[in-house]
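The values are calculated or read from the model by the stated rules, or taken from the named source; none is laboratory data. As the structure is a computational prediction, the values presented were derived from the model and not from experiment. Note: ideal-geometry Cβ built from the backbone for every residue, glycine included; neighbour counts use all protein chains shown.
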Amino acid sequence: MLFAQNSSTNYWMGKSTGKLPALLYGLGEDRLGGTKMGYIDSNILLRIVDSTKELYTVQLSKFHSAFIEKGYIRHDSVFATKPHYLTSSFLVKGDSLFDYVSIHMDDHLPYKSWMEIEPSKIMVDLYGVQSNTNWITQLQTAKEIKNVYYNQVEDDVVRVTIELKHPQHWGYSISYLGKNLVVRVKRQPAILDIKKMVIAIDAGHGGNNGGADGVKRKTSEKEYTLLYAKALEKNLKKIGVKKVIMTRNTDTSFDIKDRILFLQEQNPDFLISLHFNSSANETVSGVSTYYKHIGYRPLTQALLKRMLELKLNEFGNIGNFNFTLNQPTDFPNALLEIAFLSNVEDEKKVIDTKFKQDVSLKVILAIQDWLKQMHN
């Protein structure tokens with residue numbers, strides 16, 4: 001194989017499996033796990049060259065490797081590798097809802113994707129492959145995709161660039177359909193009005209996952225995220241929002257990856273996940289917002305700006321965050337850590353009924369601010 005050059009001959013072939021398998025950059029980890037390259041489809045062909053107690057080392061290409069948790073790999077004992085793998089034709093088109101880039105591949109090879117801004121682009125690296133792409137058919141049915149092209153950036157890495165028409169990223173997903181790697185691109189909504197939006201709200205934790213506890217009143221995070229989520233839902237419906245999707249309406253256990261799968265099926269315009277923060281240092285306080293993908297930062301900035309009007313301290317706007325619900329590329333998403341339950345003054349605010357109402361109104365104003373930016 002092309003990417004076998006300068007790599008160990010002691011390897012075996014596996015395929016990705018399980019619920020949202022992810023490639024990891026390295027062996028490091030924190031309380032949220034290792035830093036992720038991103039989720040990949042199931043049945044992705046992976047060359048396993050080494051392992052640790054918990055992880056396999058994957059040779060993606062001659063100069064690129066990654067790691068994956070052992071539970072997400074199944075051994076493929078009958079697979080026979082080819083001397084090389086190729087890309088062929090691209091097709092760019094749209095239907096009534098989405099745009100698509102379809103890339104014909106010899107097999108289900110691994111990939112990595114990321115967002116770029118100013119101008120907005122979706123970037124996809126295809127590993128272990130040579131280009132034999134001599135035409136890219138682009139149909140006028142594509143409404144959000146401005147242009148598609150590729151470069152063979154290494155002997156066995158093809159980089160695909162998908163230029164978008166609007167500055168704001170609205171989401172994309174990647175999966176294989178037969179031998180075609182398909183990038184499905186969400187379009188910007190035709191009407192940028194909060195009332196026309198499908199908005200997902202996640203009440204963090206729940207059931208057997210209690211989250212943080214308050215320092216004085218032992219306030220339960222799972223209880224108050226649900227109260228704040230319901231207040232936000234009520235106020236969104238009061239102003240006439242088209243549809244509000246709740247990940248939970250009761251104190252129930254809902255696996256966080258199952259939340260992602262549920263949300264992918266629901267296809268919201270965007271997601272806001274509500275949490276309360278905690279620190280071993282009781283003097284730490286304030287509000288913070290979090291994103292993983294740079295294309296989704298504007299929503300988190302708008303949220304933080306409005307929340308600071310509630311006289312909370314600023315804990316910050318945090319990027320490249322490893323929270324599971326920030327990982328999906330399918331729709332804009334933001335994590336809002338409203339305040340610190342481990343801080344006496346913050347906890348006092350959190351249990352105040354008026355503060356709960358104020359937070360929901362500020363979140364709505366932030367969404368409207370974010371949407372107005374797109375008219376400029």
All positions within region 236-245 that are outside any loop (DSSP other than H, G, I, E, B) and surrounded by fewer than 16 Cβ atoms within 10 Å (Cβ to Cβ):
Lys237, Lys238, Lys243
Failed criterion for Lys93 (all others in (1) part of a loop (DSSP other than H, G, I, E, B); (2) among the basic types (Lys, Arg); (3) modelled with pLDDT of 95 or more; (4) over 22 Å from the mean Cα position of the chain (by Cα) hold):
(1)
Residue in region 62-117 that is surrounded by the most Cβ atoms within 10 Å (Cβ to Cβ), counting only those that are touching an Asp or Glu at 6+ places or on another chain (Cβ under 7 Å) and over 23 Å from Gly178 (Cβ atoms)
Lys62
Here the qualifying pairs (Cβ atoms under 6 Å; residues six or more apart or on different chains; first in region 44-65 and closer than 18 Å to Thr17 by Cα; second surrounded by fewer than 17 Cβ atoms within 10 Å (Cβ to Cβ) and among the aromatic types (Phe, Trp, Tyr)) come out as Ile48/Trp12
All strands (runs of 3 or more DSSP E) inside region 255-330 with 1 or more residues being over 11 Å from the mean Cα position of the chain (by Cα) and free of Cβ contacts under 8 Å to residues at least 60 places away in the same chain:
287-290, 314-318
Could you please find all residues in region 154-163 being touching a helix residue (DSSP H, G or I) at 6+ places or on another chain (Cβ under 8 Å) and surrounded by fewer than 16 Cβ atoms within 10 Å (Cβ to Cβ)?
Asp155
Would you check if Asn151 is surrounded by fewer than 19 Cβ atoms within 10 Å (Cβ to Cβ), polar (S, T, N, Q), farther than 12 Å from Asp99 by Cβ and in contact with a helix residue (DSSP H, G or I) (Cβ under 7 Å, 6 or more places away or on another chain)?
no
Looking only at region 349-357, decide whether some residue is within 15 Å of Ser278 (Cβ to Cβ), touching a residue at least 60 places away in the same chain (Cβ under 8 Å) and assigned to a helix (DSSP H, G or I).
yes
